[in-house]
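For reference, the structure discussed in these notes is given below.
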Amino acid sequence: MIADPALDPAVIELGTFFPQPPDSVWPALTDPDLLARWLFRPIGLVATVGARFHFAIPEQPGQEIHCEVLAVHPHHQLTYTWRYLRTDHPERWTIDWTLLPQGHGTRLLLTQTGFDITDRRQKMLRNAMERGWKRSLLPRLGEVIHH
């Protein structure tokens, strides 16, 4: 995984490589059963612009992440909003997955925007989320793609 500190500090930008082609990576971003294995189970996810869905958070019953699909280019890009359904997280972020063919594999780029790092709490959230993507979620995504 690559994190370039010269990039916008208010944005999470991570890249990783998978030896599988984009056609093998795409389902792990869009198939509910595969998503549930590395992120959360999406309820109502349809990879269509305008579709609304939510992620249930098993460790936090009653908490949900509400999303709306903003862009879909099958096997190339998926973009959606990400908003916690609770009052202590009023932020609304945008998650963008870009899949780039590289040799026989895929360069996967994750971009998460919408942080106001002038706000101390949001800066801490941004840093915590980046650590979560790097240390836990993207490695688990790789395990799902590999199997």
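The values are calculated or read from the model by the stated rules, or taken from the named source; none is laboratory data. Predicted, not measured: the structure shown is a model, and the values here were computed from it. For accessibility, only protein heavy atoms count, side chains too; no ligands or nucleic acids. Shrake-Rupley method; radii C 1.70, N 1.55, O 1.52, S 1.80 Å.
Using a probe radius of 1.4 Å on heavy atoms only, what accessible surface per residue do you get for the chain? Whole Å² is fine.
Accessible surface, normalised per residue, equals 53 Å².
Rolling a 1.4 angstrom probe over the protein chains, ignoring ligands and nucleic acids, what is the accessible area of residue 107 in square angstrom, nearest 10?
60 Å²
Work out which helices of the chain, taken as complete DSSP H runs, extend at least 30 Å along their axis over the Cα atoms and score a mean Kyte-Doolittle of 0.5 or more, then list them.
Membrane-span-like by this rule: not one helix.
Would you calculate a helix-derived [θ] at 222 nm for the chain, using -39,500 (n - 2.57) for each DSSP H run of n ≥ 4 and dividing by the full residue count, to the nearest 500?
-7500 deg cm²/dmol
How much length is gained if the chain between residue 140 and residue 100 is pulled fully straight, taking 0.36 nm per residue apart and subtracting their Cα-Cα distance, in nm to one decimal?
12.4 nm
Computed over the Cα atoms, what is the radius of gyration of the stretch 42-126 divided by 2.2 N^0.38 Å, N being its residue count? Present the calculation step by step, with values, prior to reporting the outcome.
Numbers: Rg = 14.6 Å, N = 85, 2.2 N^0.38 = 11.9 Å.
The stretch 42-126 yields a ratio of 1.22.
Between residue 20 and residue 85, what length comes free when the chain is fully extended (0.36 nm per residue of separation minus the Cα-Cα distance, one decimal in nm)?
That works out to 19.9 nm of additional length.
Taking the chain, how much of its Cα-Cα pair set, in percent, is spaced more than 21 angstrom apart?
I get 42 percent for the Cα pairs in the chain exceeding 21 Å.
Return the Rg/Rh value of the stretch 99-147, two decimal places, where both radii are evaluated on C-alpha atoms and Rh is the Kirkwood radius.
With Rg and the Kirkwood Rh in hand, the quotient comes to 1.11.
Return the carbon/sulfur percentage of the accessible area of the stretch 103-147, one whole number, probe 1.4 Å, all protein chains in place.
That share works out to 52 percent.
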